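The values are calculated or read from the model by the stated rules, or taken from the named source; none is laboratory data. Here the structure is a predicted model, which means the values were calculated and not measured. Note that we place each Cβ from the backbone using ideal geometry, even for glycine, and neighbour counts take in every protein chain shown. With ligands, DNA and RNA removed, areas are computed over all heavy atoms of the protein, side chains included. Shrake-Rupley method; radii C 1.70, N 1.55, O 1.52, S 1.80 Å.
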Amino acid sequence: MAMKKVASSAIKALANSGSSSSVLTRQLHASPGSKKIVGVFYKANEYYEKNPNFVGCVEGGLGLRDWLESKGHQYIVTDDKEGPDCELEKHIPDLHVLISTPFHPAYVTAERIKKAKNLQLLLTAGIGSDHVDLKAAAEAGLTVAEVTGSNVVSVAEDELMRILILVRNFLPGYHQVVTGDWNVAGIAYRAYDLEGKTVGTFGAGRIGRLLLQRLKPFNCNLLYHDRVKMDPELEKQTGAKFEEDLDAMLPKCDVIVINTPLTEKTRGMFDKERIAKLKKGVLIVNNARGAIMDAQAVADACASGHIGGYSGDVWFPQPAPKDHPWRYMPNQAMTPHISGTTIDAQLRYAAGVKDMLDRYFKGEEFPAQNYIVKAGELAPQYR
């Protein structure tokens, strides 16, 4: 019941956050008749039956099937998204709407966009639409939107957890328990307090700000770099100091958290040269996007000890191949992409997707903050 209230509240909040009266440009105004909507999500298999609110998977389908089919639309859901013979590829030529998630992304390339003659709308169930070739989408007159704010709390909480896991050298202790060992020295020699450490976030949008607010009680020295400086009152609340020059901020940090979108400017920006300028033993948390990092450079720096620990849940590509170097590097606390897909977040982004589909069918505007591509223009964070 509590989870249903969360979903209901999310729908009301989304409905109140944008205009619902103006008609959109041609590409988003749904023509009459049945639409083919394809959703690409991860499979839950036996886990689906363990929680009735597990809607973010293939089996749950964001809880949209009954609603869509009652309106006469066709709803196809699959996890098969790679290669020329995959299930998604079969539906590319005649689908109207494609829904995907950052956790099991359907990579929408310029080639796929060219094949998708009926495609009008690309929706991200969650936050982060870099699995879409946004430039190609803009040039094709498509609309790309996501459920902004739907999982920011989930990701910020996860980042705080990862910081503590790395600072306290938690994982080796856990592994000792599992393997039957007991060697306090093997953990304590590189375990520290978080208090007094300098923590910097590269990106201080919704997630970055929430993280800074949660870090304040730990009495850290908090720094942030972003393209936009915070409002003075919010900056005072977080206790964080603005750093205009990213390369001046990074070497000051004991802990670096990546909270910036993946763009052409940020892709691969943490390369061998930039990592070499970081403080020796620096800890890095990255729940943003794996491709912001040079994967091999990170692995090499972990092996040498220049990076004291690396944790995150984003990889490139996703799912990560078995030979990805981050699986085997020392002092890592990596997981599959899970931080933004808690059950609470799933209910919020499912409600947001339903709200936007409803607006699409009616030819109404989405909440302004949800647009990533609209009328050929990219959102500021992706420019």
The residue from Ala368, Ala350 that alone is assigned by the TED database to the domain that holds Tyr75, closer than 22 Å to Val132 by Cβ and buried (at least 19 other Cβ atoms within 10 Å of the Cβ) is Ala350
For the stretch 122-143, state whether one or more residues are under 21 Å from Val373 (Cα atoms), basic (Lys, Arg), open to solvent by 30 Å² or more (accessible area, probe 1.4 Å) and part of a loop (DSSP other than H, G, I, E, B). no
Residue list for the stretch 309-323, filter: open to solvent by less than 10 Å² (accessible area, probe 1.4 Å) and out of contact with any Lys or Arg (no Cβ under 6 Å at 6 or more places or on another chain): Gly309, Tyr310, Gly312, Asp313
Candidates Leu160, Leu215, filtered to the one that is farther than 19 Å from Gln332 by Cβ, assigned to a helix (DSSP H, G or I), without any contact (Cβ under 8 Å) to a residue 60 or more places away in the chain and within 22 Å of the chain's Cα centre (by Cα): Leu215
Only one of Ala297, Ala291 is more than 28 Å from Gly83 (Cα to Cα), assigned to a helix (DSSP H, G or I) and at pLDDT 95 or above, namely Ala297
Taking Lys229, is it farther than 30 Å from Ala136 by Cα, open to solvent by 90 Å² or more (accessible area, probe 1.4 Å) and without any contact (Cβ under 8 Å) to a residue 40 or more places away in the chain? yes
Among the helices (runs of 4 or more DSSP H) lying completely within the stretch 1-101, list those that include at least 2 residues that are in the same structural domain as Gln369 (by the TED database) and either modelled with pLDDT of 95 or more or on the phi < 0 side of the Ramachandran plot (or both). 65-70, 87-91
Would you say Ala156 is farther than 25 Å from Ile292 by Cβ and either surrounded by 14 or more Cβ atoms within 10 Å (Cβ to Cβ) or small (Gly, Ala, Ser) (or both)? no
Give all pairs with beta carbons closer than 9 Å in which a residue from the stretch 277-293 that is on the phi > 0 side of the Ramachandran plot meets a residue that is at pLDDT 95 or above; count only pairs at least 6 apart in sequence or on separate chains. Gly281/Arg190; Gly281/Asp254; Gly281/Gly305; Gly281/His306; Gly281/Ile307; Gly281/Gly308; Gly281/Gly309
Flagged in the stretch 171-218 as hydrophobic (A, V, I, L, M, F, W, C), closer than 16 Å to Val285 by Cβ and surrounded by fewer than 18 Cβ atoms within 10 Å (Cβ to Cβ), in numbering order, are Leu171, Phe218
Please indicate, with yes or no, whether at least one residue in the stretch 327-343 is modelled with pLDDT of 95 or more, among the small types (Gly, Ala, Ser), open to solvent by less than 10 Å² (accessible area, probe 1.4 Å) and within 24 Å of Thr143 (Cβ to Cβ). yes
Quick check on Gln296: is it over 28 Å from Asn151 (Cβ atoms) and either of a type outside the set (Phe, Trp, Tyr) or in contact with a Leu (Cβ under 7 Å, 6 or more places away or on another chain) (or both)? yes
Of the candidates Glu273, Glu264, the one satisfying the condition of being more than 15 Å from the chain's Cα centre (by Cα), of a type in the set (Asp, Glu), surrounded by fewer than 16 Cβ atoms within 10 Å (Cβ to Cβ) and not in a loop (DSSP other than H, G, I, E, B) is Glu273
Is it fair to say Gly305 is surrounded by fewer than 18 Cβ atoms within 10 Å (Cβ to Cβ), among the small types (Gly, Ala, Ser) and without any contact (Cβ under 8 Å) to a residue 60 or more places away in the chain? yes
Just to be sure before I move on: is Ala288 open to solvent by 10 Å² or more (accessible area, probe 1.4 Å) and in contact with a strand residue (DSSP E or B) (Cβ under 7 Å, 6 or more places away or on another chain) in the structure I sent? yes
Is it the case that Arg227 is modelled with pLDDT under 95 and in a loop (DSSP other than H, G, I, E, B)? yes
